[in-house]
Amino acid sequence: GPDKRYRKLVAVILGALATAQRRVRIVTPYFLPDQALIGALNVAAMRGVRIDVVVPERTNVRLVRWAMPQVFAQLVESGCRIWAVPGAFDHSKLLVVDDCWSLIGSPNWHTRSLRLNFEFAYGCHDPTLAAAIAAHIDGRIALARAITREQLDARSAPSRVLHGMA
């Protein structure tokens, strides 16, 4: 059932993050991972793995837009880099680990998508494919603005409450 698919996909992602040695790139329109995934990203960053998370500057779901800064704050503390890309809404869902393994599919990085929706993802160990996807992601990062710790710390008290509640 859905819960089994969720556990399997999360296990694959957790395994990829645990074995990452150099760089992880993530592209998703909705970034609200559970605490296990947040922890794995933070641990990888603390091990020296460069973590880049690329999201659209504005999502089309208001509640998700309000909730994501709270997650960003948990990640930038450990050295993860968050990038907001302006322009057209990008609905891509991509993960590249060490330019040799990639995950392409329909799941967003949030529990509802991973657990409740019928999602499909394809994991592939192919350095040529991973390098092509990584180059695409790097192109998106070149257009993006960094979401910094200073920006997150400068949020007003009402904004922090809204982000935390969302």
Condition first: open to solvent by less than 60 Å² (accessible area, probe 1.4 Å), assigned to a helix (DSSP H, G or I) and out of contact with any strand residue (DSSP E or B) (no Cβ under 7 Å at 6 or more places or on another chain). Now tell me which residues in region 14-36 satisfy that. L14, G15, A36
Being surrounded by fewer than 20 Cβ atoms within 10 Å (Cβ to Cβ), acidic (D, E) and within 18 Å of I133 (Cβ to Cβ), is that true of even one residue in region 47-57? no
Within region 69-97, which residues are in a loop (DSSP other than H, G, I, E, B) and either touching a helix residue (DSSP H, G or I) at 6+ places or on another chain (Cβ under 8 Å) or open to solvent by 70 Å² or more (accessible area, probe 1.4 Å) (or both)? E77, S78, G79, C80, P86, G87, A88, F89, D90, H91
Take the residues of region 123-166 that are open to solvent by 80 Å² or more (accessible area, probe 1.4 Å) and within 18 Å of A20 (Cα to Cα): which is modelled with the lowest pLDDT? H125
(1) closer than 19 Å to A144 by Cα; (2) open to solvent by 60 Å² or more (accessible area, probe 1.4 Å); (3) touching a residue at least 60 places away in the same chain (Cβ under 8 Å) all hold for N60 apart from (3)
Assess whether N42 counts as being assigned to a helix (DSSP H, G or I), open to solvent by 10 Å² or more (accessible area, probe 1.4 Å) and touching a residue at least 12 places away in the same chain (Cβ under 8 Å). yes
Need the failing condition index for W66 against (1) open to solvent by 20 Å² or more (accessible area, probe 1.4 Å); (2) among the hydrophobic types (A, V, I, L, M, F, W, C); (3) in a strand (DSSP E or B), just the number. (3)
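The values are calculated or read from the model by the stated rules, or taken from the named source; none is laboratory data. Not measured: the values here are computed from a predicted model. We place every Cβ from the backbone using ideal geometry, glycine too, and count neighbours over all the protein chains shown. In case anyone asks, the SASA skips ligands and DNA or RNA and just uses the protein heavy atoms, side chains included. Shrake-Rupley method; radii C 1.70, N 1.55, O 1.52, S 1.80 Å.
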